[in-house]
Amino acid sequence: MKHAHASLLVLALVCTAGPAAAQEAWRGHVVSFTAKLFDSGGGFSHLQRDYSWAKKLAAADHVVLDDDVIFAAAYLHDVGSMDGWSEPNQEHGDVAAAKLDRMLAGTDFPKEKMDRVREAMRTHMFYREAGPGLEARYLHDADALDNVGTVGIAWLLQGVNAKGSAFTSAKAIGILTKGALKIEQGVVTPAGKAEMAIRIPERKMFLDQLARETDGFKEF
């Protein structure tokens, strides 16, 4: 009877702990959160590609990334650019890093990995020096690559002349002819550089064809 009484006592303690002790599985939370936040303009697919390409590049270089860190950083790095999360006159990677605790609140994400996620967020843009961590370096290159080549062109042109948008075809051409050059020079990993060497001719071929068909972009 003593054993039965002890077992009932343990059960009662577990039950009274209730939902307050539970934490949400963080990956499901991150996917659901970002899918809703980036539900237009192709933003969510960009996060998916950044995660996928960071892993592809690392594998090509025989580098092992911490999957918790690269998943969280890839899916959350652009949150600081979105309504309700952005801050005036602050770089969006910095904002995302500063608000990471809020994004993952109530989840079971390993706290000891948070600083590595923040580093990758802060340095993911091509105009920032890639952080020293492996996840930071491969996210940096994956993000740069997603803005050039065929996918970068397709993603960019989605927003041209969209309803309510001031993003014109002329601005798009400016990015493709001038802005892309800075992005292409920003990769740091061996596999990133090799992939960029494939994507640069894709951009140039597209622009050559588009110029030919639109009287030097005048009719685009």
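Please treat every number below as a calculation from the coordinates, not as lab data. What you see is a predicted model, and the numbers here were worked out from it, not measured in a lab. Backbone-built Cβ (ideal geometry, glycine too); neighbour counts: all protein chains shown.
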Once amide hydrogens are built 1.01 Å from N within the peptide plane, the residues lying 5 or more places from E24 or on another chain with amide H under 5 Å from its amide H are T107, D108
Hits in the range 92-129: amide N under 16 Å from the 7 Å Cα→Cβ extension of Q185, namely 126-129
Helix 134-145 sits off the longest principal axis of the Cα atoms of the chain, rounded to the nearest 10 on a 0 to 90 degree scale, by 40
Given unit charges at Cβ for Lys, Arg (+) and Asp, Glu (-), the dipole magnitude of the chain about its Cα centre in debye, nearest 20, is 100
Here, K193 and T150, labelled 7 Å along Cα→Cβ, have an inter-label distance in nm of 2.6
So T168 and W85, fully extended at 0.36 nm per residue minus their Cα-Cα distance, gain in nm 27.3 nm
Restricted to pairs 8 or more residues apart or on different chains, the lysines in the chain with C-alpha atoms under 18 Å apart form a number of pairs equal to 16
Using the Cα gyration tensor of the range 43-88, the equivalent ellipsoid's semi-axes, largest first and to the nearest Å, work out to 25, 10, 7
Checking M196, M205, M103 against a Gaussian network model of the chain (alpha-carbon springs below 10 Å), the top fluctuating residue turns out to be M205
Computed over the chain: longest principal axis from alpha-carbon atoms vs helix 26-37 long axis, angle to nearest 10 degrees, is 40
The chain, Gaussian network, Cα under 10 Å: of I173, I183, I198, the residue fluctuating most is I198
Within the set G192, G149, G84, GNM on the chain using Cα springs under 10 Å gives the largest fluctuation to G84
The relative contact order of the range 23-213, taking Cα pairs under 8 Å that sit 6 or more residues apart, comes to a percentage of 21
In degrees, nearest 10, the alpha-carbon axis of helix 43-60 is tilted away from the dominant principal axis of the alpha carbons of the chain by 90
